[in-house]
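These notes concern the structure reproduced below.
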Amino acid sequence: MNRPRLVPAPISIQFSQADLDKALYEREYQQLSESDDDPISQWLKLAKARGETAESDPILLNLMVELHRKIDALEMFLKNEEPKRVSLTCEAEIGAIGFEHFELKDALLEEGVLYYGRLDMPVHPRRDIGVFFKALSPSLVEIVKMHERDEKEWAAYMTARERVLIREMREKKS
């Protein structure tokens with residue numbers, strides 16, 4: 001197998017073998033994809049569908065929605081509430097990512113085994129992404145299942161990381 005092209009990226013992941021409770025992991029995977037379907041997002045989707053946002057500045061509108069989410073998160077924090085997440089058995093750091101692969105810093109996986117994981121994506125807005133992946137080696141994995149919107153964010157993050165590395169290499173040459 002040819003080694004996939006990977007770029008360094010500091011991302012945290014929690015994961016478990018998928019066969020431990022496939023139905024529960026599948027449920028969380030679906031819930032994480034719908035995490036933007038909170039009441040304010042639903043209202044915004046309806047307003048867009050009715051054409052009520054046509055004259056609004058989309059950037060300002062998105063910032064207002066994110067501000068509302070931050071207030072909701074702060075309220076949850078003050079009430080000592082936490083989002084309900086499935087308990088996963090392992091926690092690790094990802095050292096490098098590719099478009100369809102990533103590599104853990106430590107060799108923690110069993111080759112050929114399917115895993116479910118929750119990635120802590122360092123993007124705005126910060127959120128968790130559910131992913132199913134298969135171990136190609138004790139540290140290298142292939143992404144098997146990720147939501148379309150999450151795939152776009154993953155690819156955009158990888159591209160941004162590549163740009164940072166290119167800039168750093170240019171600065172070193174100067």
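Rule-based calculations on the coordinates, nothing more; no lab input. Because the structure is predicted, anything quoted here is derived from the model rather than measured. Glycine also receives a Cβ, built like all others from the backbone with ideal geometry; neighbour counts cover every protein chain displayed.
What the table below lists for this structure:
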{"item": "Value at 222 nm in deg cm²/dmol, rounded to 500, when DSSP H runs of n ≥ 4 in the chain each add -39,500 (n - 2.57)", "result": "-13500 deg cm²/dmol"}
{"item": "Whichever lysines have a C-alpha closer than 18 Å to that of K173, once near sequence neighbours (fewer than 8 apart) are set aside", "result": "none"}
{"item": "Calculated FRET value between N80 and W43, using beta carbons and R₀ = 35 Å, to 0.05", "result": "0.85"}
{"item": "The chain - Rg and Dmax from Cα coordinates, angstrom", "result": "18.5, 54"}
{"item": "Entries of K48/K134; K145/K172; K70/K134; K84/K105; K22/K105 with Cα pairs more than 31 Å apart", "result": "K48/K134; K145/K172; K70/K134"}
{"item": "Relative contact order computed over the chain (Cα-Cα under 8 Å; 6+ residues apart), in percent", "result": "30 percent"}
{"item": "Around D106: net Lys/Arg minus Asp/Glu count, Cβ-Cβ under 11 Å", "result": "-2"}
{"item": "From the C-alpha gyration tensor of the stretch 21-92, square roots of 5λ in Å", "result": "30, 17, 10"}
